Amino acid sequence: MTAITTNIKSIRDIMRKDAGVDGDAQRISQMVWMLFLKIFADKEEEWELTVENYQSPIPDRLKWDSWASDDEGMTGDVLMDFINNDLFPTLKELNIQSPQANIIRSVFEDTYNYMKNGTLFRQVINIINKIDFNNSKDRHVFNDLYETILKELQSAGSSGEYYTPRAVTQFMVDMVNPQLGETILDMASGTGGFLTCSIDHVREQVNTPQERDILQKSIRGIEKKPLPHLLCTTNLMLHGFDLPAVRRDNLLSMPYSDWGKKDRVDIILMNPPFGGTEEDGTENNFPKKFRTKETADLFLALIIKLLKDGGRCAVVLPDGSLFGEGVKTRIKEELLAKCNLHTLIRLPNGVFSPYTNIKTNLLFFEKGTPTKEVWYYEHPYPNGQKSYNKTKPININEFKPEKSWWNNRKENEFAWKVSIEEIKKREYNLDITHPSSTIISLRILRTLKLSFFKM
């Protein structure tokens with residue numbers, strides 16, 4: 001067990017003793033906002049050396065070094081009074097005069113201090129001070145640990161989200177293959193999985209400070225919920241982003257007709273919340289033919305709108321989006337008319353287990369030319385495995401067959417293609433199984449009929 005792992009475990013144990021922290025979601029939120037302030041303090045040390053005339057947006061008395069870095073500093077009731085009546089009110093209302101100030105205010109607007117015991121709070125602070133986020137080794141280890149924190153959030157009751165398994169995120173980014181200078185957007189960024197994966201992918205192409213700036217300006221995230229937004233911002237900072245471009249917002253609440261060419265992007269990577277519905281009236285922002293309260297459907301319509309010609313997308317959608325009728329059909333018709341839906345990866349049950357058993361699909365498409373045919377690929381379970389679970393999640397190595405097949409496509413036991421004519425005959429029902437499955441089903445049915453007549 002690394003020192004950082006030990007430190008985080010100690011923080012968890014201390015917080016469990018505090019009467020104000022109720023459950024995993026609050027504990028994680030509490031831990032992450034405190035870590036955020038320490039990470040920001042370490043970043044400021046770096047900016048003071050690298051950014052000309054850098055001025056901190058945080059008043060001196062509220063800087064981490066002023067109230068937290070001294071092990072023998074404020075504690076007990078004095079510390080809690082400072083946190084609740086000075087630190088939080090000031091950061092929530094911070095004057096936005098710089099990008100850094102904007103980040104801090106957006107993080108703290110809907111963040112809360114749950115801890116009540118100032119002595120326990122001081123113990124947590126002292127442990128956090130042992131982590132140096134300017135130390136590349138510490139930062140690397142903490143990135144791995146951060147993934148564990150995110151997974152814990154998934155089981156934090158109703159506050160949890162269906163976060164995309166890392167293997168699925170990695171595969172989607174690898175296949176879309178973002179390049180330096182391309183704008184990358186996730187409109188439901190959650191904790192930033194697609195964004196950080198894209199950063200790691202593009203960073204291999206970065207060789208100069210100027211190229212680093214290009215990368216920083218090309219990543220964009222939107223997240224409407226406060227805790228995922230806090231997690232996403234912290235996650236991007238840990239991935240070396242000085243100014244994480246993650247906005248608290250809901251793009252579905254903006255009129256569809258207001259989006260113009262200047263808003264379009266090269267790449268969209270996302271997992272829209274499926275099974276969710278939007279607030280009453282949100283659907284009225286969209287053209288009548290697309291109006292629905294289902295979040296995933298509205299996002300798919302907006303994806304088509306926001307992609308540039310030649311822009312690429314990889315998106316996670318549930319089976320219901322494939323076979324659904326009405327508005328779903330009209331959105332699929334729009335997709336196939338304006339984009340080339342070249343690949344549809346069908347994932348097996350349990351990829352998001354134990355959080356949901358809904359079957360999911362990965363859709364890959366490019367805007368600008370209509371679809372002529374769709375290639376399907378049925379992703380199998382690994383040999384000897386009948387399902388996925390928390391101890392046996394989907395692994396990136398399982399996607400090696402798809403990667404080998406991707407640029408040299410041939411039909412096989414897992415892959416098949418369907419023409420646009422066939423899809424139109426099916427009234428845009430994209431829930432299509434492998435032809436061999438149909439043949440086998442017909443054989444079984446024929447055998448049952450013969451057996452019946454022989455009785």
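The values are calculated or read from the model by the stated rules, or taken from the named source; none is laboratory data. Just so it is clear, the model here is predicted, and its values are computed rather than measured. Cβ sites come from the backbone with ideal geometry, for glycine too, and all protein chains shown count toward neighbours. To get the accessible areas, we keep the full protein, side chains included, count just its heavy atoms, and leave off ligands, DNA and RNA. Shrake-Rupley method; radii C 1.70, N 1.55, O 1.52, S 1.80 Å.
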Original post:
Only one of (1) in contact with a Phe, Trp or Tyr (Cβ under 8 Å, 6 or more places away or on another chain); (2) outside any loop (DSSP other than H, G, I, E, B) fails for N113. Which number is that?
Top reply: (2)
Original post:
How about the range 273-305: which of its residues are outside any loop (DSSP other than H, G, I, E, B), within 19 Å of the chain's Cα centre (by Cα) and surrounded by fewer than 18 Cβ atoms within 10 Å (Cβ to Cβ)?
Top reply: T277
**OP:** Determine which member of the set I96, I103, I39 is in contact with a Pro (Cβ under 8 Å, 6 or more places away or on another chain), aliphatic (A, V, I, L, M), closer than 26 Å to D249 by Cβ and at pLDDT below 90.
**Re:** I103
Subject >> Qualifying residues in the range 74-111 (those that are more than 20 Å from Q30 (Cα to Cα) and either basic (K, R) or more than 28 Å from the chain's Cα centre (by Cα) (or both)) - the one least open to solvent (accessible area, probe 1.4 Å) >> reply: N95
Original post:
Can you tell me which residues in the range 112-145 are at pLDDT 95 or above and open to solvent by 70 Å² or more (accessible area, probe 1.4 Å)?
Top reply: K116, T119, Q123
Original post:
Out of curiosity, is R61 at pLDDT below 90 and either open to solvent by less than 20 Å² (accessible area, probe 1.4 Å) or not in a loop (DSSP other than H, G, I, E, B) (or both)?
Top reply: no
Subject >> Criterion violated by P209 - all others in (1) surrounded by fewer than 16 Cβ atoms within 10 Å (Cβ to Cβ); (2) modelled with pLDDT of 90 or more satisfied >> reply: (2)
Original post:
Taking A314, is it within 17 Å of Y256 (Cβ to Cβ) and under 21 Å from the mean Cα position of the chain (by Cα)?
Top reply: no
**OP:** Report whether or not L195 is under 26 Å from D319 (Cα atoms), assigned to a helix (DSSP H, G or I) and among the aliphatic types (A, V, I, L, M).
**Re:** yes
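Residue-wise test of (1) of a type in the set (D, E); (2) over 20 Å from G276 (Cβ atoms); (3) at pLDDT below 95.
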{"residue": "G310", "(1), (2), (3)": "no, yes, no"}
{"residue": "V315", "(1), (2), (3)": "no, no, no"}
{"residue": "P318", "(1), (2), (3)": "no, no, yes"}
{"residue": "K332", "(1), (2), (3)": "no, no, no"}
{"residue": "K338", "(1), (2), (3)": "no, yes, no"}
{"residue": "I345", "(1), (2), (3)": "no, yes, no"}
{"residue": "N357", "(1), (2), (3)": "no, no, yes"}
{"residue": "L362", "(1), (2), (3)": "no, no, no"}
Original post:
For the range 68-87, how many residues are assigned to a helix (DSSP H, G or I) and charged (D, E, K, R)?
Top reply: 3
**OP:** Among the numbered conditions (1) free of Cβ contacts under 8 Å to residues at least 60 places away in the same chain; (2) hydrophobic (A, V, I, L, M, F, W, C); (3) closer than 30 Å to N408 by Cβ; (4) surrounded by fewer than 21 Cβ atoms within 10 Å (Cβ to Cβ), tell me where V327 comes up short.
**Re:** (3)
Subject >> The lone exception for E46 - which of (1) surrounded by 15 or more Cβ atoms within 10 Å (Cβ to Cβ); (2) within 19 Å of N235 (Cα to Cα) it fails >> reply: (1)
Subject >> Answer residue from the range 170-187, given it is in a loop (DSSP other than H, G, I, E, B) and either within 17 Å of the chain's Cα centre (by Cα) or of a type outside the set (D, E) (or both) and is surrounded by the fewest Cβ atoms within 10 Å (Cβ to Cβ) among those >> reply: N177
Original post:
Limited to the range 214-243, what total is found for residues that are in a loop (DSSP other than H, G, I, E, B) and open to solvent by 10 Å² or more (accessible area, probe 1.4 Å)?
Top reply: 6
**OP:** For I28, indicate whether it is free of Cβ contacts under 8 Å to residues at least 60 places away in the same chain, surrounded by 13 or more Cβ atoms within 10 Å (Cβ to Cβ) and either of a type in the set (S, T, Y) or under 21 Å from P226 (Cα atoms) (or both).
**Re:** no
